[in-house]
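The structure appears right after this line, and notes come after that.
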Amino acid sequence: MSLGNTSRGSFGSQLGVILASAGSAVGLGNIWRFPTEVGRGGGAAFILIYLCFIFLLAMPVMISEFIIGRSSRSNAIGAFQKLAPRKPWIVAGMMGVLGGFLVLSFYSVVAGWTLHYTVSSALGQLQGQGKGVDFGQAFNLFVSNPWQPIVYLAVFLLLTHLVVARGIQGGIERYSKLMMPMLLIIIVILVGFSLTMSGAADGVRFLLQPDLSEVTPEVVLGAMGQAFFSLSVGLGCLVTYSSYFSKETRLVKSAMNVCIIDTMVAVLSGFIIFPTVFSVGIAPDAGPGLVFITLPNVFLLTFSEMPIVGYIFALLFYVLLLLAALTSSISMHEICTAFISEHFSKSRRSSAVIVTIICLVLGSFCSLSFGPWKDVTVFGKGFFDLFDFTVTKFLMPLGGLLITLFVGWYLDRKLVEQQLTNDGSIPVRTMKPLLFLIRWVAPIGILVIFLNELFPIFM
Ligand code: PHE
């Protein structure tokens, strides 16, 4: 298989590969969605199940995406066209690009809220709010406003756009190398802050002591959805990124590193949020409002004696969330931009403009579904929920299933081994178990969980 095609961009270093891929993985999924799911799924028990899914189901999908991307050196759709010309496998790529548009649209809405909270905390407005209005009310008022969240959504999309338009090395790699270390430093500082709060031990216990009685089939499904979402697998996002990997990049090792970084960040976010929440005696299952309602409350009430500490804690937290969102949204944007640019032979810049405009329109629909369009529903769901559901419950698992079947059963075994061993130059001792995961465990696991979701037998 030709590895050439010099006109495409490529990552300049191994560190760039890891930080960009980890940047895609680490996002709102880790800091916003993970604690929410952990809170609902009973803490440590959820985390245990989640870890199994990460390493048994999601990582094999990630490695499969890497194999497809690097061997084809193409965007998510072009890759299947190249590796399986005129075969129906292309559907997997199409679902990925569609998923890229949908996920970027609803994700940017939450990222826009984050931007708003970052600005408010920087201006010290959160403090002001704490005195009069309650945070739940303020949050609902903001998200249901017809235009304010759309302005923030647009600014966030513009930031994403500016990075993607600059290309692989000058944009995605450069900014990932800048933002990821910042993000990791902020996390460590915040964990330190949070563990020193009085009563933090209850939160730590919640995260470390599994209570298996909380595990329901719904929790198991939630854990798989979360594992896929958190690792950005199933949509061809990593097919696209790995098409810019060099011949020397070690696919298995890179995937391991990304999984470890992503899991670490998710668990550390738990260590930021739960000790904080428990220290003021709030229930941990507050749902999606956790980081926008519960936390501002905690930041300001706990530190009412030392407002400056509350100010710094809040500001750092929202900057962290914003950085995480940005490194992920860049990768979603790239799925679509790479496809448009290669398929329609357009420049990267104009392709990026098209993607940004489409997502601004779709994202505005999602945003409006919290306010004036509350009652506009398709299949009983508002736009935000519809997009979220379509991507996380449908396109991602189905995409993951097709991707592992494609690599495990359709692709030439020699090509797969060549990719895993870099043409025989590095030994992969785990080759057999890895192929077993890709051929059997991942597809069967995904299928069972996916079917159960569509036709619930256990619930
Ligand atoms: N993994 C990202 C997160 O945790 C979300 C994402 C999904 C990114 C799909 C790219 C593609 O927030």
*Hey, what do the phi angles of the stretch 341-353 turn into as Karplus ³J(HN,Hα) couplings, whole Hz, using 6.51/-1.76/1.60 and θ = phi - 60°, x for Gly and Pro?*
5, 7, 6, 9, 6, 10, 5, 4, 4, 6, 5, 4, 4
*Nearest 10 degrees, 0 to 90: helix 217-231 Cα axis against the chain principal axis*: 70 degrees
*Figure the gain on full extension for V376 and R205 (residue separation times 0.36 nm, minus the Cα-Cα span) and round it to one decimal in nm.*
57.3 nm
*Please list, or write none, the lysines whose alpha carbon is within less than 20 Å of the alpha carbon of K253, excluding same-chain residues fewer than 8 places away.*
K177, K414, K432
*If you stretched the chain out fully between I189 and K346, how much longer would it get, using 0.36 nm times the residue separation minus the C-alpha to C-alpha distance?*
52.2 nm
*Dipole of the chain, Cα-centred, from +1 at each Lys and Arg C-beta and -1 at each Asp and Glu C-beta, to the nearest 20 debye?*
1540 debye
*Ellipticity estimate at 222 nm from DSSP helix runs (n ≥ 4, -39,500 (n - 2.57)) divided over the chain, nearest 500*: -22000 deg cm²/dmol
*May I ask you to derive the FRET efficiency for L454 and M306 from their Cβ-Cβ distance with R0 = 56 Å, giving the value to the nearest 0.05?*
0.60
*Which value in Å does the Kirkwood hydrodynamic radius of the stretch 111-248 take, with 1/r averaged over all unlike C-alpha pairs and then inverted?*
19.4 Å
*Of the heavy-atom accessible surface of the chain (probe 1.4 angstrom), what whole percent is carbon and sulfur?*
67 percent
*E453: accessible area at probe 1.4 Å, nearest 10 Å²?*
40 Å²
*Does the stretch 344-459 come out rounded, prolate or oblate by the C-alpha gyration tensor, with a ≥ b ≥ c the root eigenvalues, rounded set by a/c under 1.5 and, if not, prolate when a/b is larger than b/c and oblate if not?*
oblate
*Tell me, what HN-Hα J-couplings in whole Hz come from the Karplus equation 6.51 cos²θ - 1.76 cosθ + 1.60 at θ = phi - 60° for each residue of the stretch 56-66, using x for Gly and Pro?*
8, 10, 6, 5, x, 5, 4, 5, 4, 4, 4
*Output the Cα-based Rg and Dmax of the stretch 1-75 in Å, rounding Rg to one decimal and Dmax to a whole number.*
16.5, 50
*Calculate one ³J(HN,Hα) per residue across the stretch 310-321 by plugging θ = phi - 60° into the Karplus curve 6.51 cos²θ - 1.76 cosθ + 1.60, and present them in order as whole Hz with x for glycine and proline.*
x, 4, 5, 4, 5, 4, 4, 4, 6, 5, 4, 4
*What does the charge count near W113 come to, summing +1 for each Lys or Arg and -1 for each Asp or Glu among other residues with Cβ under 15 Å from its Cβ?*
0
*Residues V428 and K82, FRET efficiency given R0 of 25 Å [Cβ-Cβ distance, rounded to 0.05]*: 0.55
*asked:* Using the Cα centre of the stretch 183-269 as the reference point, and only Cβ charges (+1 on K/R, -1 on D/E), how large is the resulting charge dipole? Debye, rounded to the nearest 20.
replied: 420 debye
*For the chain, build the charge dipole from Cβ charges (+1 Lys, Arg; -1 Asp, Glu) around the Cα centre, then report which of M179, P35, S364 sits farthest towards its positive end.*
M179
*Rank-order 341-349, 138-146 by packing density, defined as the average count of other C-beta atoms within 10 Å over each peptide's residues, highest first.*
138-146, 341-349
*Could you state the number of Å between the C-alpha centres of the stretch 83-110 and the stretch 383-459?*
15 Å
*When we measure straight from the Cα of K381, which lysines land under 30 angstrom away, once same-chain ones fewer than 8 places off are left out?*
K393
*Over the stretch 14-454, calculate the relative contact order: mean separation of alpha carbon pairs under 8 Å at least 6 apart, over the residue count, as a percent.*
35 percent
*Whole number in Å², please: accessible area per residue of the chain, 1.4 Å probe, ligands, DNA and RNA not counted.*
39 Å²
_Inverse mean reciprocal Cα-Cα distance (Kirkwood Rh) of the chain, Å_ = 22.2 Å
*Are there trypsin sites (Lys or Arg not before Pro) in the stretch 222-298 that DSSP puts in a loop and that have at most 16 other Cβ atoms within 10 Å, and which ones?*
K247
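The values are calculated or read from the model by the stated rules, or taken from the named source; none is laboratory data. In this text the structure is predicted, and so the values were computed from the model without any measurement. Cβ: placed from backbone, ideal geometry, glycine included. Neighbour counts: every protein chain shown. Keep in mind that these areas ignore ligands, DNA and RNA; they rest on the heavy atoms of the full protein, side chains included. Shrake-Rupley method; radii C 1.70, N 1.55, O 1.52, S 1.80 Å.
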